[in-house]
Amino acid sequence: MPEYKAPQRDMQFVLNEVLDVENHYQNLPGCDEATPDMVAAIMEEGAKFAERVLSPLNQVGDQQGCQFNDGQVTTPDGFKEAYQQFVEGGWPSLAHDPQWGGQGLPESLGILINEMVGTANWSWSMYPGLSHGAMNTLEAHGTDQQKQTYLTKLVSGEWTGTMCLTEPHCGTDLGMLRTKAEPQADGSYKVSGTKIFISAGEHDMADNIVHIVLARLPDAPEGTKGISLFIVPKFLPTADGGVGERNGVSCGSIEHKMGIHGNSTCVMNFDGATGFLIGPPNKGLNCMFTFMNTARLGTALQGLAHAEWGFQNSLTYAKERLQMRSLTGPKAPDRAADPIIVHPEVRKLLLTQKAIAEGGRALIYLSALQVDKAHMAEDPAERAEADGLLAFLTPIAKAFLTELGFESANHGLQVYGGHGYISEWGMEQNVRDSRISMLYEGTTQIQALDLLGRKVLMTQGEALKGFTKIVHKFCQAHSDEQPMQEFLEPLNKLNKEWGELTMKIGMKAMQNRDEVGAASVDYLMYSGYVTLAYLWARMAQVAQQKLAAGEGDTAFYQAKLTTARFYFQRLLPRTRSLVETMLSGADNLMALDEDHFQF
């Protein structure tokens, strides 16, 4: 059976040695308790739960799937019991306001738990994961009464949450949605419509499910300017906060899908269901972005999860599987053949997974620290700066890491050869489970348009300049360190080229707006490789410093430095082909007449 071991040493390296999280927490109000010892203790306990409880259920969830019967969904064996342990451990409340029952710890600590839980069992992790977004939306936009009624139950984990956006006739284009909300005399609304692809929309793990639903008021303007946001619970709460009568919302069916079988993906029918407005009328999409941004960072984490899981298991296999002899002579002469880890191409598959997982971890943790600052920093200017950096990094993290996470999952399967294609090893499940990450919460193509169109060109490049300035300052700060030149020289060149490419695309787009769409995915992938290069350079600098001082685990730091070199020499050169393709223009995509697309 495949296994998962939380990479606590690497997690601590990124947090403590690269990002200096101790100083980060000490500068945030109310985070004094987040000492290194507390962080280590939280990580240790989270690792136990992920490794011992969730990891053994990963294949169970895939094999059994969710069962649908007359509107009811039964989750796989052990899922419900695991959720009760999760709630009893206080994990849902970790990073939420004590006023509503939370523990008041920073969001970045919650990310640590989410990483371990998600890597151990992604399907299971989606149940509490969707609740987290619902909590953030209510905390930001709900009334005090709504928070007291719903948020407290979500924070405790007694109830779970969902986000209900997509409808059968529209996906990303939410301006086309048809779900209606009719105002009632008591201030509530009757919500009617059908939503599809609702993760965790119905299940047997919690007493109630709080749906966060987009719908239109009767007098709403057309398009996205006429969308409002509503709370629609499965069961209406009683006056004392308990579960009351069943609301007019039901699960019509669950999807039969490629992966994540342990999570219920539901068609939800709202038939005059009682709902309650969140935020101002016709501003629902603005409010929903609180939820969506949380979900996008969570999906970026999925890319890391599948890369890490695939790497761990394929590494174990590569050290044990005997096949052929090394080209430079036998490495295990007393055995029938050498372990496949001696072969260069297997090394490349393993190192690619390792570089993606460890670089992705650094990117997600860096983003999580911006969430902390944006929510908790005392200085408004610091909050605004963090929020801007987070907005820039989110589409890169979501799209780039999920694309590379899927690549890594495939590499993990490849290491196993034919055995990787067989279910018992778990590698084909990892590939199937990872594929959805490039689709939900905005496809790679949508994220690319968001990055290049909205975040970069619409700000006249200011969002990009904010990040390239950070990279430039890092390169300047270490310019006199000779061992760093192998990383700083290519990073400096790419950082400069990034702005030049943006200018070229922007100029072309002034003549033809299709140039933005034609270049956007290549531009995002280029941005991702440069962003990870910056983070790998930071990690290499720390490793060099520790090795020079003779501090810590020499093997760990040497491995970190060697992986950084692999990234710069083997993965970063992918930017060269991306430059060619993003600048090749829209004509090679748009010139063929639509009628000439034939088969």
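Just a few scattered comments:
- Selection from segment 561-578 of residues that are exposed (fewer than 15 other Cβ atoms within 10 Å of the Cβ) and either farther than 30 Å from Arg9 by Cα or among the hydrophobic types (A, V, I, L, M, F, W, C) (or both): Arg576, Ser577
- Where Leu177 falls short, out of the listed (1) surrounded by 19 or more Cβ atoms within 10 Å (Cβ to Cβ); (2) touching a helix residue (DSSP H, G or I) at 6+ places or on another chain (Cβ under 8 Å); (3) not β-branched (Val, Ile, Thr): (2)
- Qualifying positions in segment 227-236 - surrounded by 19 or more Cβ atoms within 10 Å (Cβ to Cβ) and either part of a loop (DSSP other than H, G, I, E, B) or of a type outside the set (Val, Ile, Thr) (or both): Ile227, Ser228, Leu229, Phe230, Pro233, Lys234
- All positions within segment 240-261 that are outside any strand (DSSP E or B) and farther than 25 Å from Gln59 by Cβ: Asp240, Gly241, Gly242, Asn247, Gly248
- Number of residues in segment 561-578 that are touching a Phe, Trp or Tyr at 6+ places or on another chain (Cβ under 9 Å) and part of a helix (DSSP H, G or I): the value is 9.
- Of all residues making up segment 33-59, the number that are assigned to a helix (DSSP H, G or I) and either crowded, with 18+ Cβ neighbours inside 10 Å or of a type in the set (S, T, N, Q) (or both): 13
- Condition check for Gly223: over 25 Å from Leu449 (Cα atoms) and of a type outside the set (D, E, K, R): no
- Within segment 259-298, the set of residues being among the β-branched types (Val, Ile, Thr) and at pLDDT 95 or above comprises Ile260, Thr265, Val267, Thr274, Ile278.
- Residue in segment 200-212 that is buried (at least 24 other Cβ atoms within 10 Å of the Cβ), in contact with a helix residue (DSSP H, G or I) (Cβ under 8 Å, 6 or more places away or on another chain) and not in a loop (DSSP other than H, G, I, E, B) present: yes
- Filter result for Lys319 (in a helix (DSSP H, G or I) and within 14 Å of His411 (Cα to Cα)): no
- The sole residue among Thr137, Thr160, Thr152, Thr119 that is at pLDDT 95 or above, outside any strand (DSSP E or B) and farther than 17 Å from Leu301 by Cβ is Thr152.
- Flag not set for Gly329, criterion: closer than 26 Å to Leu109 by Cβ and either of a type in the set (Gly, Ala, Ser) or touching a Leu at 6+ places or on another chain (Cβ under 7 Å) (or both).
- Selection within segment 579-595 - out of contact with any Leu (no Cβ under 9 Å at 6 or more places or on another chain), part of a helix (DSSP H, G or I) and surrounded by 15 or more Cβ atoms within 10 Å (Cβ to Cβ): Thr581
- None of Trp91, Trp122 is touching an Asp or Glu at 6+ places or on another chain (Cβ under 6 Å), touching a residue at least 12 places away in the same chain (Cβ under 8 Å), farther than 22 Å from Phe289 by Cβ and not small (Gly, Ala, Ser) except Trp122.
- The residues in segment 60-102 that are part of a helix (DSSP H, G or I) and crowded, with 19+ Cβ neighbours inside 10 Å can be counted, and the count is 10.
- Glu345 surrounded by fewer than 24 Cβ atoms within 10 Å (Cβ to Cβ) and of a type in the set (Asp, Glu): yes
- Pair list, Cβ under 8 Å, 6 or more apart: segment 307-335 residue under 29 Å from Val431 (Cβ atoms), other residue part of a loop (DSSP other than H, G, I, E, B) and of a type in the set (Phe, Trp, Tyr): Trp309/Tyr4; Gln312/Tyr4
- Of all residues in segment 542-560, those satisfying the criterion of being part of a helix (DSSP H, G or I) and either surrounded by fewer than 21 Cβ atoms within 10 Å (Cβ to Cβ) or β-branched (Val, Ile, Thr) (or both) are Val542, Gln544, Gln545, Lys546, Leu547, Ala548, Ala549, Thr554, Ala555, Phe556, Gln558, Ala559.
- Qualifying residue in segment 505-514 (condition: more than 30 Å from Leu439 (Cα to Cα) and β-branched (Val, Ile, Thr)): no
- Residue within segment 379-387 that is part of a helix (DSSP H, G or I) and surrounded by 19 or more Cβ atoms within 10 Å (Cβ to Cβ) present: yes
- Of all residues in segment 1-15, exactly one satisfies the criterion of being surrounded by 15 or more Cβ atoms within 10 Å (Cβ to Cβ), more than 20 Å from the chain's Cα centre (by Cα) and at pLDDT 95 or above, namely Phe13.
- Tally of residues being surrounded by fewer than 16 Cβ atoms within 10 Å (Cβ to Cβ) and closer than 30 Å to Phe406 by Cβ across segment 256-278: 3
- Among (1) out of contact with any Leu (no Cβ under 6 Å at 6 or more places or on another chain); (2) surrounded by fewer than 24 Cβ atoms within 10 Å (Cβ to Cβ); (3) modelled with pLDDT of 95 or more - the single one Gln429 does not satisfy: (2)
The values are calculated or read from the model by the stated rules, or taken from the named source; none is laboratory data. Because the structure is predicted, anything quoted here is derived from the model rather than measured. Using ideal geometry, Cβ is built from the backbone for each residue, glycine included, and neighbour counts are taken over all protein chains shown.
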